[in-house]
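Since every read-out is calculated from the coordinates, none of them should be taken as a lab result. Everything quoted here is computed from the prediction, not taken from an experiment. Virtual Cβ from ideal backbone geometry, glycine too; neighbours counted across all protein chains shown.
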Amino acid sequence: MVNASGFLRVLAVDDEPPALDELAYHLRADPRVARLHTAGDATEALRVLRDDDVDVVFLDIRMPGLDGMELARVLRRFARPPAIVFVTAYDDGAVDAFDLGATDYVRKPVRAERLAESLRRVIGSRVVPSHPAALARAEEDPTIPVELAGTTRMLPRSAVRWVEAQGDYARLHTAEGSHLVRVSLATLAERWADAGFVRIHRSYLVQLRLIAELRLVNSGYVVVIDGSELPVSRRHTRELKDKLVRAAKQDWSR
Amino acid sequence: MSADGRVVGALVAVADERPAPGLVQATLETAHWAGDQLALAELDSSRERLARAEVRALRAQISPHFIYNALTAIGSFVRTDPERARELILEFAEFTRYSFRAHGEFTTLAEELRSIDRYLTIERARFGERLQVRLQIAPEVLPVTLPFLCLQPLVENAVRHGLSRKPGTGMVSIEARDAGAECHITVEDDGVGMDPTTLTAGIAEVSGAGSDPADDPGQHVGLSNVDERLRSAFGDRFGLVVETGLGSGTKVSMRVPKFHPGVRVSS
């Protein structure tokens, strides 16, 4: 199955049909999963891996034939090994699992939240090999697809200096230029708050640490970023000052 | 008098005159004999205590793997087939109730088979079509008395050996036949089998924790425990017989006398 908004290609392997069904159900429901394969044993799993690129394998340990641990040892030798998350009933293999470089170890019966956490660890712990540009440092620095002259480029968030609202669109300003993306400023402000972006105006979102000056001009404040003057609306002034002072304090105490 | 190196009593011989050497000797011998008898009696009772402890250990030995895998399957059916999930929860409850049963060293074949049936119902839910089971039970042997939980571990072993290391389907056959004064029971699987050389040192070796690295000792209830309990209940002639070879499945047979003094189901 294909999930348009997801990006992870996942393989789930378990020899017990109901357990596999449950695992697949939870993984399918996760929006980060683009494609889900299932396999009932190691042979089937290897067949999937031969034909398709897979980013992460959720692997039962006890299986007939090649067991989960043995399969993991094989996968490690792949040119682009997928991440491995062991899913098992009992914690008899946790130490071995991590020796094999497994990203996570989940116990059965599985909880949906625990699987979501596993996917987060997988995304956070590795560069997913097939989309190196798209998912580089995916956790710390997500990328935004931007259109430029007919080609889609993946723009890392860290390249964005400030954002300007333009109707339903947002214009992302970088050091080199700007890109228009279809997203509301409010959405970006909410999603990027943890990454240091602050709302200074109905139409402007800026990266706090790039603010060079906060200047009082006749009617109110403006901030200076990369030589551009951006207005600060009255209702955002206090919050911005607080944040700047707090950021500065943190810098001094370091 | 001493038993196991401990002084357990004194034997006093009283004589009118100076005791003759023969009396001294006889007294010494008697003291030795009595001491030995005391030691033997103690051995007997400690063996009995051991047997009881083993049954207790077996009861507590429902494998954690089995529990969590069963719950995983049931959890899945709650979403896809709630009616079946409900049935499985009831089977699981009855199965554990029997295994945790606190009284009685003996049970009837009928009861033991009922519990095995529940166990297999859960395992079939887990493995689906991969687990095939064939039951062939002569009705006239159902009331036969045998040690509690002496058949079920064999079936658990068979499911594990018949399925876990081998892709494709696994067949487990359970057969109970009437054989005159005895009942003959076999549990057979068509799995990976065992290396007979591990059997040469006796059944105890087979059930050792290292017999298969994929088996955890907690799950491996062990043939040796069953073997010992059968012998202590019916005598040394009634131990387990194991026929196996690498890649050729495993067949475990036991004989149970239909009537045996001192062996009955306590209610």
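Side notes on the structure shown:
- Note on A:E70 and B:E129: with the Förster distance fixed at 22 Å, the Cβ-Cβ geometry gives a FRET efficiency of about 0.35.
- Residue-wise HN-Hα coupling along the stretch A:201-216, computed from phi with Karplus coefficients 6.51, -1.76, 1.60 (Hz; x: Gly, Pro): 6, 3, 10, 9, 10, 10, 7, 4, 6, 9, 6, 8, 8, 10, 10, 8
- By the helix-only formula, in which each DSSP H run with n ≥ 4 contributes -39500 (n - 2.57) and the sum is divided by residues, chain B has a 222 nm mean residue ellipticity of -15000 deg cm²/dmol.
- Acute angle (nearest 10 degrees) that the helix B:64-80 long axis makes with the longest principal axis of chain B, alpha-carbon atoms: 30 degrees
- Stretching the chain fully between B:V24 and B:I67 yields a gain of 8.9 nm (0.36 nm per residue, less the alpha carbon separation).
- Distances between placed amide hydrogens fall under 5 Å for B:E105 paired with B:S266, all partners being 5 or more residues away or on another chain.
- Label positions at B:E17 and B:S45, each projected 7 Å from the Cα along the C-beta direction, are separated by 4.3 nm.
- Over every Cα atom in chain A, the radius of gyration and the widest Cα-Cα span, Dmax, amount to 23.1, 78 Å.
- FRET efficiency, A:D91 to B:V7 (Cβ-Cβ, R0 41 Å, nearest 0.05): 0.20
- Counts of other chain beta carbons within 10 angstrom of each beta carbon in peptide A:33-41 average 1.
- Residue of A:V106, A:V56, A:V222 that the Gaussian network model of chain A assigns the largest fluctuation, springs spanning Cα pairs under 10 Å: A:V222
- GNM result for chain B, Cα springs below 10 Å: residue of B:H184, B:H103, B:H161 fluctuating most strongly: B:H103
- Farthest positive-ward along chain A dipole, Cα basis, beta-carbon charges - from A:G68, A:T103, A:V223: A:V223
- Bridges between two residues of the protein assembly as shown, per DSSP, are antiparallel at a rate of about 70%.
- Taking chain B as a Gaussian network of alpha-carbon nodes connected by springs under 10 Å, the highest mean-square fluctuation of the residues B:T27, B:T186, B:T108 belongs to B:T27.
- For chain B, the longest principal axis of the alpha carbon atoms and the long axis of helix B:109-127 meet at an angle near 40°.
- Span from the the stretch B:157-180 Cα centroid across to the the stretch A:37-106 one, whole angstrom: 28 Å
- Per-residue average of Cβ from other chains inside 10 Å of B:72-85: 4
- Extending 7 Å from the Cα toward the beta-carbon at both B:R86 and A:T174 defines two label points whose distance is 5.9 nm.
- Selected from B:S45, B:Q152, B:F66, residue furthest toward positive end of dipole (chain B; charges at beta carbon): B:F66
- Label point distance in nm, A:T237-A:A193, each placed 7 Å from Cα along Cα→Cβ: 2.3 nm
- With a 10 Å cut-off around each Cβ of A:15-28, the average count of Cβ atoms from other chains is 5.
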